[in-house]
Structures are given as C-alpha cells and as structure tokens.
Amino acid sequence: MSLPGIDQLESTPEILRLLMEGLSEEDTNWKAGPDRFSIAETLEHLSHVEGHCFRTRVERMVNEDNPTIESYDTDAYVAAGQYSGRSAEDSFDHFEEQRELNLEYLRELPATAVSRTGAHSALGTITLSHVLNAWAFHDVTHIRQIAEIIRAMKYYPHMGPFQPEYKVTP
C-alpha cells in the first residue's frame, strides 16, 4: 500500500515542466495584477513549502509523539519578499531536488505512518494522512494556477473573436 498523494507528488515536477515548455523569463515573471503570483513566484513558493512546511511536518509527526505543528503563513512570506526576485528556473531546480529527496523519504515510511498525529496550531488534531493529502492538493492547486497564468498570458490575448466564449482568472 502506498501512502496517499504519492502518485501526485511524483508526477507534479513533470507536469510543471511540460506546462512551462517554451516560456521565456519574461513569461515566468508576468503577473495578472499586483496581488497575484507570477509563475516564478509560484515556483519559489513551491520550493519553499517543500522544505519548510510539508517535509518538516511529516518528519516531526513520524519522529515525535503528537508534536505541535505551526501554521504556514503564506501572507507573511509574501510580505517579507520570500517568493519574489528569484529565477523561475533556479526555484524549479531547487523544488525538483527537494521533491526527489522527499519522495525517497516518503517511500521508506511504513503504511502505518498515516495514522501518526500532530496538534496543528489552528486546525487541531491532524494525521499524517491529512498532511499527505493536503500536500498533493497543494500541488494540484499550483499546477492549476500556473496553467491559468499560461492560458491568460500566452493564448487568451490572441484568440480574437473567441475571447468572449472563455473566462480567464490568472
């Protein structure tokens, strides 16, 4: 039995690579608005949460009895500039490296690890299964976000009379 979400975690880097094929640095820095992420910022966010959120939570829940798990405050990291000013390619490379290490770690966990618990500071009792499902959900969320940015930036402006038939929300 494999742990929940592992298939998604394994496929995310390849899906993202395929989506981003042919994008320029300018494309990866394009933003739909000041309060929206660019592709580069999204990739840096993925890189950051890979090591500072999900892996940390899993390790603590595996190695400690019901540890306190703090919330990951994306807004605070945005305000601190954590995700801005970085190369999309550098962020993606770092994400891929971390993801492979994390998958190696997760593949070694016994199936019984899914019942390990933690005390989330905002959500209460969580299980490792909850964390793994949230991790996979988070991946799909950002795959969708990047795909929507590409739709809005690369294709929508050139659709001419077809534009009214579609809605874009990058």
message = Going residue by residue through the range 68-82, is there one that turns out to be of a type outside the set (D, E), over 20 Å from A40 (Cα atoms) and out of contact with any helix residue (DSSP H, G or I) (no Cβ under 9 Å at 6 or more places or on another chain)?
response = yes
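For the range 124-170, give me each residue that is of a type in the set (D, E) and touching a residue at least 24 places away in the same chain (Cβ under 8 Å).
Keep residues of the range 124-170 that are of a type in the set (D, E), which gives 139, 148, 165.
Of everything in the range 124-170, just one residue is of a type in the set (D, E) and touching a residue at least 24 places away in the same chain (Cβ under 8 Å), namely D139.
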request  = Might you check whether a residue that is among the acidic types (D, E), closer than 29 Å to E14 by Cβ and surrounded by 15 or more Cβ atoms within 10 Å (Cβ to Cβ) occurs anywhere in the range 49-71?
outcome  = yes
inquiry  = Cβ contacts < 7 Å: first residue more than 16 Å from T74 (Cα to Cα) and of a type in the set (A, V, I, L, M), restricted to the range 19-44; second residue part of a loop (DSSP other than H, G, I, E, B) and modelled with pLDDT under 95, any location; separation 6+ or different chain. Result?
reply    = A32/P170
query = List pairs: first in the range 58-69 and in contact (Cβ under 8 Å) with a residue 60 or more places away in the chain and assigned to a helix (DSSP H, G or I), second of a type in the set (G, A, S) and surrounded by 13 or more Cβ atoms within 10 Å (Cβ to Cβ), Cβ under 9 Å, 6+ apart or cross-chain?
reply = V58/A113; M61/A113; M61/G118; V62/A113
message = Against the definition (without any contact (Cβ under 8 Å) to a residue 40 or more places away in the chain and over 30 Å from G22 (Cα atoms)), how does S121 come out, yes or no?
response = no
note = When the range 70-118 is checked residue by residue, the ones that are over 23 Å from L16 (Cβ atoms), in contact (Cβ under 8 Å) with a residue 60 or more places away in the chain and outside any helix (DSSP H, G or I) are L109, G118
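The values are calculated or read from the model by the stated rules, or taken from the named source; none is laboratory data. Here the structure is a predicted model, which means the values were calculated and not measured. Cβ coordinates were reconstructed from backbone atoms using ideal geometry, including for glycine residues, and neighbour counts include every protein chain displayed.
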